[in-house]
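Some notes on the structure that comes next.
The values are calculated or read from the model by the stated rules, or taken from the named source; none is laboratory data. For clarity, every value in this text was computed on a predicted model and none was experimentally measured. Cβ sites come from the backbone with ideal geometry, for glycine too, and all protein chains shown count toward neighbours.
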Amino acid sequence: MLNTIVLAAEGEPNPVLPHTSEIILGLVAFLLLLFVLWKFAVPRFEAAYKERSEKIEGGIKKAEIAQAEAEKALQTYTAQLAEARAESARIRDDARLEAEQIKEELRVQAQEEAARIVAQGQAQLEAQRAQIVAELRADLGRTAVELASRIVGESLEDQARRSGTVDRFLDELDAVSAPANN
Amino acid sequence: MRALWLAEGGEFVPPGAGDFFLPPIFGSVTKPMVLIVLSVVIISAFFLLASRRMQIVPGRFQYFAESVYDFGRNNIAREQIGSKDFLPFVPLILALFTFVLVNNIFGIIPIIQFPSFSHIGFPLALSLLVVYPVYHGMGFKRHGFIGYFKHQLFPPNVPKPIYILLTPIELFTKFIMNPITLAIRVFAAMFAGHLILMVFAIAGEFLLIEGSGALKGVSVVAFAFNIAMTFVEALIMVIQAYIFALLSANYIGQAMSSDH
């Protein structure tokens with residue numbers, strides 16, 4: 001109080017002139033505060049912010065990765081499915097082609113077999129006919145000679161002559177009956 | 001003290017600059033000195049306690065501290081310096097903002113009731129010895145010695161003859177006036193605001209004690225104005241702290257900008 005009066009008596013102090021002690025104290029105090037904030041507070045806040053944003057971004061990223069994986073799996077499955085479809089179609093086509101081929105082969109084989117059997121039968125028939133004709137000729141000749149010799153009474157022992165006569169007779173018979181048949 | 005003084009004279013003495021220079025509390029330690037130290041303790045304790053165990057999902061106290069921190073970090077530092085370079089300056093801007101804010105708010109806290117920044121020494125210490133060297137230092141570091149002068153004193157896209165006028169003005173503004181105005185702005189606001197509050201308080205007191213009859217009633221008006229002005233002061237205190245930090249960040253941002 002005494003001071004105030006003294007100061008008032010001396011005239012008002014000039015408030016615009018700074019006190020050196022206050023400048024120094026202000027600077028030191030502020031630098032101390034700055035140090036505390038810079039060293040301890042700000043790093044902790046920044047670390048917390050980083051952790052928080054990482055947590056959020058991590059969640060988003062995880063979801064994105066999962067989605068991408070699902071998409072990829074889907075694509076793979078679709079591709080595999082399409083491939084399987086194409087494969088089955090191809091196999092079906094192949095099978096059909098093969099069946100056609102086999103059928104054709106079998107048909108050709110059967111025809112050949114049939115033709116062969118027919119030819120064989122004809123050949124056999126021909127052979128049998130020729131044999132029968134030959135046998136009949138011999139029989140007929142012998143029978144005719146026997147009958148003729150009995151009738152004539154004469155033994156026609158000469159083989160060469162006998163067979164020649166019969167044959168000639170038969171040939172003549174053939175020649176006579178052939179035009180009549182025709 | 002004031003009442004005693006008034007009682008002696010019996011005549012109204014308006015408050016003046018003398019009322020800002022109270023006698024030392026002990027030795028040569030004055031009230032603003034104690035308040036400055038107290039503010040450092042308060043702010044440090046606030047941020048250290050809030051950041052002791054940081055949670056991903058913040059509690060109420062941590063949320064409040066984060067709001068203050070975000071205001072300094074995003075609204076001031078990042079806006080003014082740019083998202084590329086601002087991170088190293090966050091402690092500085094945050095310290096400036098909270099330091100000025102708490103010391104200003106001291107002006108309306110009961111019993112304390114003294115804005116320490118109404119003593120010009122403190123804002124001068126900040127602007128002349130902290131902000132000024134930092135922002136010019138960053139400018140020199142970023143652009144080189146000659147480059148920084150060119151960058152600051154010869155703004156581009158200006159007709160050549162204009163530089164005769166412009167360059168001295170820029171030199172005067174950027175290297176002499178900026179730090180002084182930065183300090184004076186907050187100092188003058190705090191000084192004037194405190195003076196206004198004192199005027200209304202002392203006038204009301206004087207009217208109540210010395211006034212006769214109906215004049216005693218007028219003291220109510222004075223006290224009402226004191227209360228109203230206290231709210232206005234609270235607003236101004238916050239705004240001045242914001243402006244101090246904002247301009248500091250702005251100077252740093254300008255010094256480091258590459259397009260200007």
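Brief remarks on what is shown
- Out of B:I227, B:I196, B:I176, one residue alone is away from every other protein chain (no Cβ under 14 Å), under 30 Å from B:A255 (Cα atoms) and among the β-branched types (V, I, T). It is B:I176.
- Residue list for the range B:25-40, filter: surrounded by 12 or more Cβ atoms within 10 Å (Cβ to Cβ) and either facing another protein chain (nearest Cβ under 9 Å) or at positive phi (or both): B:T30, B:P32, B:M33, B:I36, B:V37, B:S39, B:V40
- Helices (runs of 4 or more DSSP H) contained entirely in the range B:65-162, each with at least 1 residues that are hydroxyl-bearing (S, T, Y): B:90-105, B:132-143, B:145-153
- Where B:R52 falls short, out of the listed (1) crowded, with 17+ Cβ neighbours inside 10 Å; (2) of a type in the set (D, E, K, R); (3) in contact with a Lys or Arg (Cβ under 9 Å, 6 or more places away or on another chain): (1)
- In summary, B:I93 fulfils each of the numbered conditions (1) more than 30 Å from B:A192 (Cα to Cα); (2) crowded, with 16+ Cβ neighbours inside 10 Å with the single exception of condition (1).
Condition check ((1) within 30 Å of B:A183 (Cα to Cα); (2) under 55 Å from the mean Cα position of the chain (by Cα); (3) more than 7 Å from every other protein chain (Cβ to nearest Cβ); (4) surrounded by 13 or more Cβ atoms within 10 Å (Cβ to Cβ)) across all residues:
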| position | (1), (2), (3), (4) |
| --- | --- |
| A:I24 | yes, no, yes, yes |
| A:P43 | yes, no, yes, yes |
| A:R52 | no, yes, no, yes |
| A:I65 | no, yes, yes, no |
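- Which listed residue is under 20 Å from A:W38 (Cα atoms), more than 10 Å from chain A (Cβ to nearest Cβ) and modelled with pLDDT under 90, from B:S83, B:S51: B:S83
- Residue check, B:Q113 farther than 26 Å from B:F231 by Cβ, surrounded by fewer than 24 Cβ atoms within 10 Å (Cβ to Cβ) and not charged (D, E, K, R): no
Here's the yes/no breakdown for (1) closer than 26 Å to A:N14 by Cα; (2) more than 10 Å from chain A (Cβ to nearest Cβ):
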| residue | (1), (2) |
| --- | --- |
| B:F47 | no, no |
| B:R60 | no, yes |
| B:Y69 | no, no |
| B:P91 | no, no |
| B:I105 | yes, yes |
| B:F114 | yes, yes |
| B:H119 | yes, no |
| B:L124 | yes, no |
| B:S127 | yes, yes |
